[in-house]
Each structure stands twice: as structure tokens, then as C-alpha cells.
Amino acid sequence: MNYRFKRILPLSLATLMLLTACDSQLDLKPVNTIDASAAVSTSADVEALLVGAYDSMSDIDLYGGNLLRNSELIGDNGEVFWDGTFVEPDEIYRKAILVGNTNVANIWLDAYRTINIANTVLANLEVVTEANRARVEGEAKFVRGVMYFELVRNYAKAWTDGTPASNAGVPLVLTPTSEINDDSNLSRATVAAVYAQVLSDLTDAESKLPATNGIFATKWAAAGMLSRVYMMQEKYADAANAATRVIDSGRFSLVPTEEVFDQRINQTGLATAEDIFSIYITDQDGINELNTFFGGSSFGGRGDILIEDAHLAMYEPGDNRAELFYEDNGGIYTIKFRNQYGNIKVLRLAEMYLTRAEANLRNNSAIGATPAEDINRIRVRAGLEPLAPANVTLAAILKERRLELAFEGQLIHDIKRTKGTVGSLPYTSPKLIFPIPRREIDANPNLIQNEGYI
């Protein structure tokens with residue numbers, strides 16, 4: 001979705017106003033612009049607005065690509081090389097982000113715009129037909145919960161860093177905003193408060209969403225996202241249970257390694273049996289923004305992110321995942337984003353097995369399966385020999401996770417929740433947290449900037 005704000009309001013949380021339509025990546029007609037004087041009067045109006053929330057969430061600065069790309073750049077320690085000319089991603093890669101970084105600002109702006117669309121849907125549930133009301137509410141809460149999760153884990157200290165009950169999170173806005181005034185100048189809620197809202201939204205979403213829902217969120221997508229939230233909080237039993245609900249649904253299955261991301265033939269980029277939740281892209285209205293940066297020029301990309309030998313050396317002999325790379329114009333690139341129109345995978349089944357394996361190992365439990373059973377499902381799929389239970393260590397699981405989910409947007413968050421390092425930077429370094437956008441700080445006297453930023 002090729003969208004940028006053309007006008008910046010001189011007040012904080014400007015993106016809460018639904019000001020501008022954007023080009024959709026969905027082959028639908030979303031509504032994400034509301035005249036403040038107009039009412040949302042019918043069920044069709046609200047359901048069209050809900051599609052607009054998905055459309056906004058698929059913006060290139062969110063799940064359309066850059067949110068995931070930035071996790072890999074800021075968390076990188078020599079496994080990739082930024083070879084591009086754009087200044088803002090280079091700042092993220094060098095861990096030297098300026099408060100005026102437009103990439104960082106656009107994630108914040110677009111996330112709050114998406115939240116406001118979801119809030120507007122939730123405020124108008126009374127006009128939704130009874131048959132659709134629970135689903136619509138569940139989808140809107142899924143979108144809102146996911147966006148707050150991304151905001152709090154990118155713009156605030158990790159749950160494992162200090163005291164969540166006192167650390168500054170992000171502003172919580174739970175009602176629609178159609179007019180910016182002094183009441184819009186909110187302070188940052190605590191990290192604990194934001195996580196509580198995320199859990200409330202996603203838990204409610206799981207209870208209200210259907211098991212199947214076309215290309216939109218299902219109860220399994222909500223459960224899968226809950227497993228991520230619980231892992232960030234070190235709530236391992238809850239994480240294992242959430243992952244188990246997805247696995248035991250029977251609706252997803254692992255596919256051969258070479259097919260997980262191979263969408264060269266199917267140019268519609270449809271999901272595989274492994275995908276729990278994806279952002280759909282078509283050649284009619286957008287491209288895969290991860291292809292733009294991770295893809296070589298022969299496949300429509302800019303070739304900005306090169307894969308280094310340090311990453312390639314991590315694969316064991318015989319690992320099929322070591323074949324998911326290609327050479328183009330002298331550089332090595334990941335095959336995962338070779339298709340310009342391939343859907344962007346947000347949640348897939350392999351992550352659920354790895355989450356459950358790690359959670360059970362840490363918790364000395366066997367919820368759903370043993371850690372050895374789960375990690376070996378992934379290893380055998382990759383063409384490797386299974387590990388004996390005695391050799392299933394935390395280090396082994398985390399390595400498997402790094403290789404299986406490489407470049408899919410989880411790197412910095414895995415480093416933070418496991419209390420790792422990025423080069424010489426500890427997981428608590430302010431350089432690994434995005435600054436609150438300068439325009440927001442300038443407009444809202446109640447917002448406090450993150451440590452280390454002027």
C-alpha cells in the first residue's frame with residue numbers, strides 16, 4: 001500500500017483522525033475515511049469500515065512490510081548488511097535513530113490510525129446485524145489488540161526490562177477520535193496497562209471470532225497472537241496453552257520447506273496450509289514491501305538487505321532451509337520475499353511448535369507435547385535428524401527459532417524477551433527502542449520522550 005500522510009496535524013495523536021483514504025492491498029473496497037459529521041448508520045457501513053481497519057493494518061509501514069523489516073535491522077548483529085541509500089532504515093540498522101526518523105514516525109501514525117478505525121467499529125456495534133455482531137467485535141478487537149502490542153514492544157521498554165507497572169508504555173485510546181482538542185493530549189499509559197489491554201482485546205477476540213473467516217482474522221489468529229504476548233511476559237504456561245489451541249485446531253499443517261514461501265507460480269500469493277494469519281497482496285493494488293528491501297533486482301526488489309556469511313554458517317549440513325537463498329548481481333538474498341505479490345506471513349504454524357517447545361522447556365512441563373516432540377517436528381521438516389530429549393536445550397530451541405523464523409520480523413523481540421544482546425548493546429539499551437516521534441512530542445506536552453533521545 002503506497003501511502004504516506006500528506007498533512008500533519010499540529011496536535012498529538014493526529015492519526016487518530018481518519019483523514020485520508022489509502023490504496024488497498026485487499027481486493028475489496030475498504031472504508032477508512034469518515035466525515036466527522038456523518039454517522040455510521042448501517043451494518044454494511046460498519047463492516048466496510050472494518051475492512052478499512054485491515055487495510056490500514058496492511059500499510060507498508062505496518063504489516064505490509066516495514067514493521068517486520070525494522071525488527072530485523074535493529075536486532076541484527078552481523079547476519080545481514082544494509083546496502084541501501086535510504087537514510088531512515090540505515091539509522092535503524094546502525095542503532096542510531098534520530099527523533100525525526102520518518103520510518104519510525106509512520107509506524108506510530110499508521111498504528112494509531114488503525115486503532116481509531118477499530119475503535120469506531122466498536123463504538124457502532126449496535127447497528128451491526130445480530131448474526132454478525134460477535135464476529136465484527138472480535139475482528140475489531142483483534143486489530144486493536146495487535147496494534148497496541150506492536151506499539152508497546154517497539155516504543156517502550158520490554159516487559160523484562162525494569163518494572164512494567166511503572167515503565168512508560170504508549171497512550172491508550174479506546175474510543176473513536178474525530179476531533180483533536182486538549183483532551184487528545186494523553187499521557188503514556190504504563191507498559192503493564194497496555195499489555196493488560198492487549199490481553200483483554202485478544203482474549204475477547206478469540207472467544208468471538210469464528211474458526212474460519214476467509215482472509216480475515218480467526219480465533220486461531222487471536223490465540224496465536226496471544227502466545228506471542230505471553231512469551232514476551234514470560235507467562236510460559238499461558239503461551240504453551242495458546243499455541244496448543246492453534247495446533248490442536250487441526251486446521252493448519254506444516255508443508256515442505258521449499259513450499260512455505262514458494263509463491264512463484266501462484267501469483268495471487270495465496271496462503272499455504274501453514275499460515276495462520278497473513279496480509280494479502282495482489283498485483284492490482286500493491287506489492288510485498290519486504291520484497292522491495294529483501295528482494296534482488298531480478299525479482300523486483302531494490303536489493304538493499306544482503307544476507308551475510310554469519311547467518312548462512314548457522315545452518316547444519318543437510319538443512320533444507322540453507323537452500324532458501326539465492327544469488328543476484330553478486331549479493332545473497334532470502335528466497336522468502338522473492339515474490340513481489342506474495343502474501344506477508346504474520347503467523348504460521350511452525351512458530352506455534354517452537355513457542356510451545358520453548359515454553360514447556362522453561363516451565364518444565366509438557367503441555368500438548370514434550371519440547372523434544374515439538375522441536376523435532378521442525379527439524380525433521382527441515383531435513384535434519386531429530387534431537388534426543390537430553391539434547392533439547394534452550395539454546396537448541398532458540399537457534400531453531402532463529403533459523404526457522406529468519407527475517408520474518410521477530411528478531412529484536414526475541415532478543416529482548418530472552419535478555420540477549422545486539423553486538424555490545426544489552427537488551428535494555430535505549431538504542432533498541434524507537435523514539436516517540438518528534439511531531440508527537442512537540443504537539444503534546446504530556447508525552448515524555450524515551451531515554452537517550454533529545
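The values are calculated or read from the model by the stated rules, or taken from the named source; none is laboratory data. Note that this is a predicted model, so its numbers are computed, not measured. Here Cβ is always computed from backbone atoms with ideal geometry, including for glycine, and neighbour counts include all displayed protein chains.
State whether the residues of region 420-443 include one that is of a type in the set (S, T, N, Q), within 19 Å of A350 (Cα to Cα) and assigned to a loop (DSSP other than H, G, I, E, B). Quick ask: steps written out before the conclusion?
First, the residues of region 420-443 that are of a type in the set (S, T, N, Q): 421, 424, 428-429.
With within 19 Å of A350 (Cα to Cα) added as a condition, the list becomes none.
Scanning region 420-443 turns up no residue that is of a type in the set (S, T, N, Q), within 19 Å of A350 (Cα to Cα) and assigned to a loop (DSSP other than H, G, I, E, B).
If you scan region 284-331, which residues turn out to be of a type in the set (V, I, T) and under 24 Å from R381 (Cα atoms)? Steps first, answer last, please.
First, the residues of region 284-331 that are of a type in the set (V, I, T): 287, 292, 305, 307.
If the condition is that a residue be of a type in the set (V, I, T) and under 24 Å from R381 (Cα atoms), then I307 is the only one that fits.
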Inspect region 391-407 for any residue being touching a Ser or Thr at 6+ places or on another chain (Cβ under 6 Å), assigned to a helix (DSSP H, G or I) and under 20 Å from R228 (Cα atoms) and give the result as yes or no. no
Checking G452 against (1) in contact with a Pro (Cβ under 8 Å, 6 or more places away or on another chain); (2) closer than 26 Å to I305 by Cβ; (3) surrounded by 22 or more Cβ atoms within 10 Å (Cβ to Cβ), which single condition isn't satisfied? (3)
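So that you can scan it fast, the table gives a plain yes or no per residue for (1) without any contact (Cβ under 8 Å) to a residue 24 or more places away in the chain; (2) farther than 21 Å from R417 by Cβ; (3) part of a helix (DSSP H, G or I); (4) out of contact with any Cys (no Cβ under 9 Å at 6 or more places or on another chain):
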{"site": "A44", "(1), (2), (3), (4)": "yes, yes, yes, yes"}
{"site": "L50", "(1), (2), (3), (4)": "no, yes, yes, yes"}
{"site": "I60", "(1), (2), (3), (4)": "no, yes, no, yes"}
{"site": "L73", "(1), (2), (3), (4)": "no, no, yes, yes"}
{"site": "N77", "(1), (2), (3), (4)": "no, no, no, yes"}
{"site": "P89", "(1), (2), (3), (4)": "no, yes, yes, yes"}
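Here's the yes/no breakdown for (1) free of Cβ contacts under 8 Å to residues at least 24 places away in the same chain; (2) closer than 27 Å to A223 by Cβ; (3) surrounded by fewer than 19 Cβ atoms within 10 Å (Cβ to Cβ); (4) of a type in the set (D, E, K, R):
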residue	(1), (2), (3), (4)
I97	no, no, no, no
V146	no, yes, no, no
P176	no, no, no, no
D183	yes, no, yes, yes
L202	no, yes, no, no
E206	no, yes, no, yes
Tally time: how many residues in region 352-405 are over 27 Å from the mean Cα position of the chain (by Cα), among the small types (G, A, S) and farther than 23 Å from A237 by Cβ? 3
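If the requirement is being in contact with an Asp or Glu (Cβ under 9 Å, 6 or more places away or on another chain), at negative phi and among the aliphatic types (A, V, I, L, M), which of these qualifies: A158, A193, A243? Spell out the reasoning first.
Values: A158 fails: in contact with an Asp or Glu (Cβ under 9 Å, 6 or more places away or on another chain); A193 fails: in contact with an Asp or Glu (Cβ under 9 Å, 6 or more places away or on another chain).
When all the criteria are applied, what remains is A243.
Quick test for you: out of L394, L403, L425, pick the one residue that is crowded, with 16+ Cβ neighbours inside 10 Å and touching a Leu at 6+ places or on another chain (Cβ under 9 Å). Lay out the reasoning, then the answer.
Numbers: L394 fails: crowded, with 16+ Cβ neighbours inside 10 Å; L403 fails: touching a Leu at 6+ places or on another chain (Cβ under 9 Å).
After applying the criteria, what remains is L425.
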Going by what's in this entry, would N154 be described as at pLDDT 95 or above and over 19 Å from A53 (Cβ atoms)? yes
Using the structure shown, decide if A382 is more than 30 Å from L172 (Cα to Cα), hydrophobic (A, V, I, L, M, F, W, C) and without any contact (Cβ under 8 Å) to a residue 40 or more places away in the chain. no
Tell me, please, whether a residue that is farther than 22 Å from L62 by Cβ, out of contact with any Leu (no Cβ under 8 Å at 6 or more places or on another chain) and surrounded by 21 or more Cβ atoms within 10 Å (Cβ to Cβ) can be found in region 156-164. yes
Between a first residue in region 223-251 that is touching a residue at least 12 places away in the same chain (Cβ under 8 Å) and a second residue that is surrounded by fewer than 20 Cβ atoms within 10 Å (Cβ to Cβ) and of a type in the set (D, E, K, R), which pairs have beta carbons less than 6 Å apart while being 6 or more apart in sequence or on different chains? A223/R245; Y230/D238; Y236/R362
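Please go through region 257-272 and pick out each residue that is at pLDDT 85 or above and not aliphatic (A, V, I, L, M). Write out each step before concluding.
First, pick out the residues of region 257-272 that are at pLDDT 85 or above: 257-261, 272.
Across region 257-272, the qualifying residues are T257, E258, E259, F261, T272.
Okay, residues lined up against (1) in contact (Cβ under 8 Å) with a residue 60 or more places away in the chain; (2) buried (at least 17 other Cβ atoms within 10 Å of the Cβ); (3) outside any loop (DSSP other than H, G, I, E, B); (4) in contact with a Phe, Trp or Tyr (Cβ under 9 Å, 6 or more places away or on another chain):
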| site | (1), (2), (3), (4) |
| --- | --- |
| F81 | yes, no, yes, yes |
| I92 | no, yes, yes, yes |
| A118 | yes, yes, yes, yes |
| V121 | yes, yes, yes, no |
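Could you please give the count of residues in region 210-266 that are assigned to a helix (DSSP H, G or I), out of contact with any strand residue (DSSP E or B) (no Cβ under 6 Å at 6 or more places or on another chain) and surrounded by 15 or more Cβ atoms within 10 Å (Cβ to Cβ)?
Of all residues in region 210-266, those assigned to a helix (DSSP H, G or I) come to 219-232, 236-248, 257-260.
Filter once more, keeping what is out of contact with any strand residue (DSSP E or B) (no Cβ under 6 Å at 6 or more places or on another chain): 219, 222-223, 225-232, 236-248, 257-260.
With the extra rule that they be surrounded by 15 or more Cβ atoms within 10 Å (Cβ to Cβ), the set shrinks to 219, 222-223, 225-232, 236, 238-247, 257, 260.
Count: 24.
Would you pick out the residues in region 190-220 that are touching a helix residue (DSSP H, G or I) at 6+ places or on another chain (Cβ under 8 Å), among the hydrophobic types (A, V, I, L, M, F, W, C) and farther than 22 Å from N360 by Cβ?
Residues of region 190-220 that are touching a helix residue (DSSP H, G or I) at 6+ places or on another chain (Cβ under 8 Å), as a first pass: 191, 194-195, 197-211, 213, 216-217, 219-220.
From what's left, among the hydrophobic types (A, V, I, L, M, F, W, C): 191, 194, 198-199, 202, 205, 209, 211, 216-217, 220.
V191, V194, V198, A205, L209, A211, F216, A217, listed by residue number.
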Name the pairs whose Cβ atoms lie under 8 Å apart, with the first residue in region 385-408 and among the acidic types (D, E), the second crowded, with 17+ Cβ neighbours inside 10 Å and not in a helix (DSSP H, G or I), and 6 or more positions between them or separate chains? E404/A382; E408/K345
When the residues of region 273-287 are filtered to those that are at pLDDT 90 or above and crowded, with 18+ Cβ neighbours inside 10 Å, which remaining residue is farthest from F142 (Cα to Cα)? E274
